[in-house]
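Below is one structure, written out as structure tokens; the observations come after it.
Every number in this text was worked out from the coordinates using simple rules, so none of it is lab data. Quick caveat: nothing in here was measured; it's all calculated off a predicted structure. So basically every Cβ, Gly included, is an ideal-geometry build from the backbone, and we count neighbours across all protein chains shown.
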Amino acid sequence: MTTDHIQARFHLDYPEFTLNVDLELPGRGVTALFGHSGSGKTTLLRLVAGLIRIQDGRLSVNGEVWQDDRIFLPTHKRPLGYVFQEASLFPHLTARGNLEYGMKRVGNAMDGAALEQAVALLGIGHLLDRRPHQLSGGERQRVAIARALAVQPRLLLMDEPLAALDLKRKQEILPYLERLHDALEIPVLYVSHSPDEVARLADTVVVMEQGRVRAQGPVNELFSRLDLALAQDQEASAIIEGVVLSHDDDYALTRLEIQGGHLSVARLDRDIHELVRVRIHARDVSLALDEPGASSILNILPARILEMREIEQAQVLVKLCTGAGEKPPLLARITRHSRDRLRLHEGQSVFAQVKAVALMD
């Protein structure tokens, strides 16, 4: 039996809150713990870190038991890195000094290769001689992430690392987090209440509500589940994988092949046959019963309606598929009036007009 996974089982009672989870998560890639404030995301992360000690719990990481009814590894003995909302750097040390202190604190011999890799991944080589007050919020957080990686953890925990940053700083740091997604061989547990962050970074999503797991699965499947908050959010979207087919330099376009059709997107700096992930917002998809003729919309896909759900008094969320079976899923947000005027129903064949496509990685 494979040991390449994380098993986490915890039961914790507070006077006004109970956390009860039993999870088996991938041993590699980014798993997002998603939910509103108070859903138990950070509490679960602190239990995994050993910052909260309870009797009724079990945690194993890729075959290594960190906690059960006989074993409890304290936090400083768990081979993990922890990134908090605030960077929490020592103000009297340079960025380099903060990195080196983190490695000494966990008892690691100074591993130059590990330190160099963390510095390169986060793009902070030019910042190493600066003190925290000389860094922007995004730069401080990149140093904090590098500090967590420099100790060569076997698990990386990230507790809403972008929550304290403004939009500009978030956009600055997201590409570095995406780079970590591609480069790291270790599992990452990433706490967030932002659908945009989850869509860009996660492979697997755990949706939490009131201390319990509401749903768990691949990011593309959970984003298209109409019964979950991810699909009902104003930023609701579908995440689809495609392969680069060709580039049109005259019109600065790239053509992608997806299951059941093709998409044209703004010119990508990607190789032919390279796999990419794109995000299509539900608000950017409209429906037609007949194939449209001349149109400024480049992407028109034959689709079939899988499910419909009224999400507001005037709006309906439609789940579609463009390929065989039920994949890949696509979402459209339309008005109730449009649904009734077109007499839309489940199982019906339609044409999905996609107005915009965003590259995710």
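Structure values in brief
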{"read-out": "Packing rank of 236-242, 353-359, where each peptide gets the mean count of other beta carbons within 10 Å, highest leading", "value": "236-242, 353-359"}
{"read-out": "For Asn299, residues with placed amide H under 5 Å, excluding near neighbours", "value": "Val354"}
{"read-out": "Burial ordering of Phe10, Phe223, fewest other beta-carbon atoms within 10 Å first", "value": "Phe10, Phe223"}
{"read-out": "Using θ = phi - 60° and Karplus 6.51 cos²θ - 1.76 cosθ + 1.60, couplings along the range 238-254 (whole Hz; Gly, Pro as x)", "value": "10, 10, 10, 8, x, 10, 5, 9, 6, 10, 10, 5, 4, 10, 6, 10, 10"}
{"read-out": "Gaussian network model of the chain, springs between alpha carbon atoms under 10 Å - residue of Asp129, Asp69, Asp269 with greatest fluctuation", "value": "Asp269"}
{"read-out": "DSSP-defined antiparallel bridges as percent of all bridges, the chain, nearest 5", "value": "80"}
{"read-out": "Spacing of the two label points (7 Å from each Cα toward its C-beta) at Arg58 and Gln171, in nm", "value": "4.7"}
{"read-out": "Rh (Kirkwood; distinct C-alpha pairs) - the range 226-299, Å", "value": "14.0"}
{"read-out": "Using alpha-carbon coordinates, inclination of helix 167-183 to the longest axis of the chain, degrees", "value": "80"}
{"read-out": "Helix-derived mean residue ellipticity, 222 nm - over the chain, DSSP H n ≥ 4, -39500 (n - 2.57), to 500", "value": "-7000 deg cm²/dmol"}
{"read-out": "Angle in degrees between helix 137-150 and the longest Cα principal axis of the chain, rounded to the nearest 10", "value": "60"}
{"read-out": "The chain: most fluctuating residue of Ala150, Ala95, Ala114 per GNM, C-alpha cutoff 10 Å", "value": "Ala114"}
{"read-out": "Shape category assigned to the range 89-217 from the gyration tensor of Cα positions, a/c cut at 1.5", "value": "prolate"}
{"read-out": "Hz values of 3J(HN,Hα) by residue in the range 129-135 - Karplus curve (6.51, -1.76, 1.60), Gly and Pro given as x", "value": "8, 9, 8, x, 5, 9, 10"}
{"read-out": "Relative contact order [Cα under 8 Å, 6+ residues apart], the range 5-232, whole percent", "value": "29"}
{"read-out": "Least to most buried among Tyr190, Tyr176 (fewest other Cβ within 10 Å first)", "value": "Tyr176, Tyr190"}
{"read-out": "Gain upon complete extension [Ala324, Gln234; 0.36 nm per residue less C-alpha separation]", "value": "29.6 nm"}
{"read-out": "C-alpha long axis of helix 95-105 to longest principal axis of the chain, angle in °", "value": "60"}
{"read-out": "Percentage relative contact order, the range 237-306, counting C-alpha pairs under 8 Å, at least six apart", "value": "33"}
{"read-out": "For Glu209, residues with placed amide H under 5 Å, excluding near neighbours", "value": "Arg214"}
{"read-out": "Candidates His36, His133, His193, ranked by Gaussian network fluctuation over the chain, Cα under 10 Å, top entry", "value": "His133"}
{"read-out": "Cut-off under 5 Å, modelled amide H: who pairs with Thr18 long-range", "value": "none"}
{"read-out": "³J(HN,Hα) computed for each position of the range 332-349 - Karplus, 6.51 cos²θ - 1.76 cosθ + 1.60, integer Hz, glycine/proline x", "value": "10, 9, 10, 7, 4, 4, 5, 4, 6, 5, 8, 6, 6, 8, 5, x, 6, 8"}
{"read-out": "Sequence of Lys77, Lys41 once ranked by neighbouring C-beta atoms within 10 Å, starting from the fewest", "value": "Lys77, Lys41"}
{"read-out": "Computed label-point distance, nm, for sites Ala183 and Arg341 using a 7 Å Cα→Cβ extension", "value": "5.1"}
{"read-out": "D_trans [Stokes-Einstein, Kirkwood Rh over alpha-carbon pairs] for the range 1-87, 4 °C, 1.567 mPa s, µm² s⁻¹", "value": "94"}
{"read-out": "Additional length obtainable on full extension of the chain from Asp290 to Asp227, 0.36 nm per residue less Cα span", "value": "19.8 nm"}
